[in-house]
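Single-structure report; data block below.
The values are calculated or read from the model by the stated rules, or taken from the named source; none is laboratory data. Quick caveat: nothing in here was measured; it's all calculated off a predicted structure. Here the Cβ positions follow ideal geometry from the backbone for every residue, glycine too, while neighbour counts run over all protein chains shown. These accessible areas exclude ligands, DNA and RNA; they are computed on the full protein's heavy atoms, side chains included. Shrake-Rupley method; radii C 1.70, N 1.55, O 1.52, S 1.80 Å.
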Amino acid sequence: QVQLVESGGGLVQAGGSLRLSCAASGRTVSVNTMGWFRQVPGKEREFVARITGSDIRTFYTDSVKGRFTISRDNARNTVYLQMNSLTPEDTAVYYCALGGLNSPNPRVYAYWGQGTQVTVSS
């Protein structure tokens, strides 16, 4: 059984930082593409960042480039999203996902965490 558990969300002032964690069980993060997505009410789930398996490439949506960093710890089977210089526009529920393809399309990701709320105040 595959389980993804996110943590690290919370309330932060604009300009602040948060680090999200996604602990996986049932699958090995080092051989899968792991993605972070976010969603606000009334909008579709949006790609934020992803990290591929064995070749460890990273990809970001334009609005977070230079501010967010995705990484992983193979020993802990955990993926992280370091978020710096946060703005109110980053406010959303953040989800991690595990998929078999290197893609920003949420539909190709088979497994999802429960989400963690990130709120950035102005």
Hits in the range 75-98 (condition: touching a residue at least 60 places away in the same chain (Cβ under 8 Å), assigned to a strand (DSSP E or B) and surrounded by 22 or more Cβ atoms within 10 Å (Cβ to Cβ)): Leu81, Met83, Tyr94, Tyr95, Cys96, Ala97, Leu98
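The rows are residues; the columns are (1) of a type in the set (D, E, K, R); (2) at pLDDT 95 or above.
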residue: Glu6; (1), (2): yes, yes
residue: Arg27; (1), (2): yes, no
residue: Ile51; (1), (2): no, yes
residue: Pro104; (1), (2): no, yes
Residue count for the range 20-74, restricted to those that are aromatic (Phe, Trp, Tyr), more than 21 Å from Gln3 (Cβ to Cβ) and either open to solvent by less than 20 Å² (accessible area, probe 1.4 Å) or touching a Gly at 6+ places or on another chain (Cβ under 6 Å) (or both): 1
Every residue from the range 51-63 that is in contact (Cβ under 8 Å) with a residue 24 or more places away in the chain and of a type in the set (A, V, I, L, M, F, W, C): Ile51, Phe59
Filtered residues of the range 99-122 (kept if of a type in the set (Val, Ile, Thr) and either within 25 Å of Asn32 (Cβ to Cβ) or without any contact (Cβ under 8 Å) to a residue 40 or more places away in the chain (or both)): Val108, Thr116, Val118
Of all residues in the range 99-122 being outside any helix (DSSP H, G or I), touching a Leu at 6+ places or on another chain (Cβ under 7 Å) and open to solvent by less than 60 Å² (accessible area, probe 1.4 Å), the one that is farthest from Leu11 (Cα to Cα): Tyr109
